[in-house]
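Please read the structure below before turning to the comments.
The values are calculated or read from the model by the stated rules, or taken from the named source; none is laboratory data. In this text the structure is predicted, and so the values were computed from the model without any measurement. Methodologically, a virtual Cβ is constructed for each residue, glycine included, from the backbone with ideal geometry; neighbour enumeration extends over all protein chains shown. Surface accessibility is based on the protein's heavy atoms, side chains included, excluding ligands, DNA and RNA. Shrake-Rupley method; radii C 1.70, N 1.55, O 1.52, S 1.80 Å.
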Amino acid sequence: MIRILCVGKLKEEYLKEAVKDYLKRLSKYTKVELIELKDSNINNEKDEIQKYLKTNDYIISLAIEGKELNTLEFKKMIENNFINGNSNITFIIGGSDGIHEEIKKLSNEKISFSRLTYPHGLFRVILLEQIYRCFKIMNGEAYNK
C-alpha cells in the first residue's frame, strides 16, 4: 500500500479531479491512501504526521534538499520496497514551512522532484502521476512519454 500524507486541503476543482483520476488509475495496481492533514504551524503538523507513521513503513519525505531521482530510479525505489516486503510506503508532502526536521530524521529517504517550488496541490498530482508511471513501467505496459 502507498500512503500519501499531505498538509493542507485541495481547494481547486481541477486539482481534485486530477487527483481522483490518478487514484482511480492506480487502484488497478495498488491501494493508495491519500490523507489530508490540517495546515497549521510546523510543530503541530509534525505531531499530526507522526500519528500516521508506523514502524514498518518505508517513509519518504519530499524535501527540496532531498536527492533528485529520474523516473527509472524512482521506479526502482518503489519496486525494491515492494519486493523487500515493506508493507507500506508513506510519502510526506509538508506544508508551506516544509517538513519538520524530526520527521525528516524518521524518514528512510528524502527526495526532491526539483529544486523548484511547486504549489502543494499541484505537487500531489505530479507525485501521483509519477507513481502511476512507475507501476505502468513495472508491469511492462506502454505509457506516453
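Taking Cα pairs under 8 Å and at least six residues apart, what relative contact order does the range 1-57 come out at, in percent?
Values: 46 pairs, mean separation 26.5, N = 57.
Across the range 1-57, relative contact order equals 47 percent.
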Global geometry of the range 106-145, whether rounded, prolate or oblate, following the gyration tensor of its Cα atoms and the 1.5 cut on a/c | oblate
Could you state the per residue volume, in Å³, of the convex hull enclosing the Cα atoms of the chain?
-> 107
With every protein chain kept in place and a 1.4 Å probe, the residues 120, 100 fall, from largest accessible area down, as 120, 100
For residue 30, the accessible surface traced by a 1.4 Å probe with all protein chains present amounts, in square angstrom to the nearest 10, to 20
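For the chain, what is the accessible area per residue in Å², given a 1.4 Å probe and the full set of protein chains? Can you show the working numbers first?
Working: 8060 Å² over 145 residues.
Here the per-residue accessible area is 56 Å².
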Kindly identify the range 83-129 as rounded, prolate or oblate by the Cα gyration tensor criterion: order the square roots of the eigenvalues as a ≥ b ≥ c, call it rounded if a/c is under 1.5, otherwise compare a/b with b/c, prolate if a/b is larger, else oblate.
-> oblate
Would you mind counting up the charge near residue 67? Only other residues with Cβ under 10 Å from its Cβ, with Lys and Arg at +1 and Asp and Glu at -1.
-> -3
When DSSP assigns beta bridges and you keep just the ones with both residues in the chain, what percent turn out antiparallel, to the nearest 5?
-> 5
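What number does the range 20-92 give for Rg over Rh if you use C-alpha atoms and the Kirkwood radius?
Details: Rg = 13.9 Å, Rh = 14.2 Å.
We get a ratio of 0.98 for the range 20-92.
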Cut-off under 5 Å, modelled amide H: who pairs with residue 33 long-range = 2, 3, 4
Provide the net charge surrounding residue 18, with neighbours chosen by a C-beta distance below 13 Å and charges set as Lys +1, Arg +1, Asp -1, Glu -1.
-> 0
Mind checking which of 133, 25, 124 has the largest fluctuation in a GNM of the chain, springs on alpha carbons under 10 Å?
-> 25
